[in-house]
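Below is one structure, written out as structure tokens; comments come after it.
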Amino acid sequence: MTLTFQPFHIPGAQTVHGNTFPYGLQASLADGASDVPAVNDAVIAITALAESGRLSELLQKHGAVLIRGVGHPSAETFARLVNSAEKGRGSNPFIQIGLAGKRTILADNVWTANEGPSDRRFYQHNEYSRYTRFPSNIHFYCEKKALEGGETPVAHSALVYDKLQEAVPELVQAVHEKGLAMKMAFRAPGHEGKGNEFNWAGVHSFGQEFQPGDDRDTQKAKVEVQVRKLTPAFRWLEDDALELTQYIPGIRRSPASGLPVWFNGLVGRYGMTRDQGALDPPYIGRDGMTYLPCDYGDGTVIPKEYLERLERVVDELELDVSLEEGDLLLVDNFQVSHGRKPWTGERRILVSMWEGGKPIEAF
Ligand SMILES: [Fe+2]
């Protein structure tokens, strides 16, 4: 049966530079049948949307597209849909380096979103924007909806930039001039904290090339090879902890719109560090993990007041998307940031990351 997509309004949708954000598409069967479409029909329709260039157009224009109504929620359905969408428009899977969290692969290019504790809020960030290597797209899929909470909030990075210009112009100016120094600490295996624990040995962190039986020195040498793909600025600390600094512009120009976008993980890092009570030395959170503060690119301190104002601006722009089971939220990572709201009950959101299209340059 032929499946078609009809636009629908997403509660709380915003207008950003004249375009609806996010854009909703409801899947339904063309003959008016009320049955849930077969996954095969959805795959054919999404492939056509991708191959015609229409999907890329929608993502460029709107930044995020929510596809609802395909049904049959599972990692396998998501894999079939997302691989059709991205391969259909010539993208390649994004290979992760430097993951600070835990993700499990469940199907072809499909992962659990982040297995950190359910009571933790994740603040807005463009995926891996704290590094110089990041995916062009990150797509979300709801396999299991939480009893309460668990929304996937998104914010438009061009709008964030505009509002920051008004609300914290000193910060925008300083980031333009100096860029950002994003600092991360990765503990050695066995030295993690509790809750959202990760270490440098993770297979998506820096342990990609580890072999069983590698001794510590061999492992560290292999870690360094991966770290250098991100940054030459790193050092080993006590207990074989790894500290790395990534110098990023912090503001980039969206290749889709030509507009400046706030593209960094600053508010994400600040929010989590504050919630963990780790804003002051020695920067150890309640979970026992290390949360290093980020600086301007010249090593000078970003005033806390600016970070507080930054968070208020981003919080106000954030739009909670409540994903239903089977919903597919396609996101242009260059234009749109995302987060995670705490929840009760069970929730399973899956992600898929891709690279393709025009690269994003510094503004
Ligand atoms: Fe993320």
* Given charges of +1 on the Cβ of Lys and Arg and -1 on the Cβ of Asp and Glu, with all other atoms neutral, how large is the dipole of the chain about its Cα centre, in debye to the nearest 20? -> 420
* DSSP-loop trypsin sites (Lys or Arg not before Pro) across segment 202-233, with at most 13 other Cβ within 10 angstrom -> 228
* Asked: So which of 87/358; 61/144; 183/229 end up more than 18 Å apart, counting from Cα to Cα?
  -> 61/144
* Structure fact -> Relative contact order of segment 277-363 (C-alpha contacts under 8 Å, at least 6 apart) in percent is 10
* So which residue, out of 258, 250, 101, gets the largest mean-square fluctuation from a GNM of the chain using Cα contacts under 10 Å as springs? -> 258
* To do: Express the C-alpha Rg of the chain as a ratio against the empirical globular expectation 2.2 N^0.38 Å, rounded to two decimals.
  => 0.98
* In whole angstrom, note down how far apart the Cα centers of segment 214-240 and segment 269-298 are. => 22
* Quote the charge dipole size of segment 167-313 about the Cα centre in Debye, to the nearest 20; the model charges only the Cβ of Lys and Arg (+1) and of Asp and Glu (-1). => 480
* Putting +1 on Lys and Arg Cβ atoms and -1 on Asp and Glu Cβ atoms, find which of 39, 337, 95 reaches farthest to the positive end of the dipole of the chain. => 95
* Asked: Could you work out the helix-only [θ] at 222 nm for the chain, with each DSSP H run of four or more residues adding -39,500 (n - 2.57) and the total divided by the number of residues, to the nearest 500 deg cm²/dmol?
  -> -8000 deg cm²/dmol
* Given the chain, what percent of its DSSP beta bridges are antiparallel, to the nearest 5? -> 95
* By average Cβ neighbour count within 10 Å, what is the ranking of 82-93, 290-301, 61-72, 5-16 from highest down? -> 61-72, 82-93, 290-301, 5-16
* Calculated from backbone phi, Karplus (6.51, -1.76, 1.60) coupling profile of segment 140-148 in Hz, x at Gly/Pro -> 10, 9, 9, 8, 9, 8, 5, 4, 8
* To do: Compute the separation of the alpha-carbon centres of segment 103-173 and segment 1-71 and state it in Å as a whole number.
  => 21
* Structure fact -> With the dipole of the chain defined by +1 on each Lys or Arg Cβ and -1 on each Asp or Glu Cβ, the option from 247, 207, 125 whose Cα lies farthest towards the positive pole is 247
* To do: Quick one: which residues, 5 or more positions from residue 198 or on another chain, have an amide H under 5 Å from its amide H? H modelled 1.01 Å from N in the peptide plane, none for Pro or chain starts.
  => 193
* Asked: Which order, highest average first, do 161-172, 343-354 follow once you tally other Cβ atoms within 10 Å for each residue and take the mean per peptide?
  -> 343-354, 161-172
* Structure fact -> Applied in sequence order to segment 247-261, the curve 6.51 cos²θ - 1.76 cosθ + 1.60 (Karplus, θ = phi - 60°) yields integer Hz couplings, x standing for Gly and Pro, of 8, 10, x, x, 10, 10, 10, 4, x, 6, 10, x, 8, x, 10
* **the chain: relative contact order as a whole-number percent, Cα under 8 Å and 6+ apart** => 30
* So how tilted is helix 304-317 from the main axis of the chain? Cα-based, degrees 0 to 90, rounded to 10. -> 10
* By how many nm would the segment from residue 309 to residue 215 lengthen if fully extended, with 0.36 nm per residue of separation less the alpha-carbon distance? -> 29.2 nm
* Scan around residue 333 for amide H atoms under 5 Å from its own, H built in the peptide plane at 1.01 Å from N, and keep only partners 5 or more places away or cross-chain. => 137, 138
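Where a number appears in this text, it was derived from the coordinates with a stated rule and is not lab data. Since the structure is predicted, the reported quantities are computational estimates derived from the model, not experimental observations. FYI the Cβ positions are ideal-geometry reconstructions off the backbone, even for glycines, and counts take in every protein chain you see.
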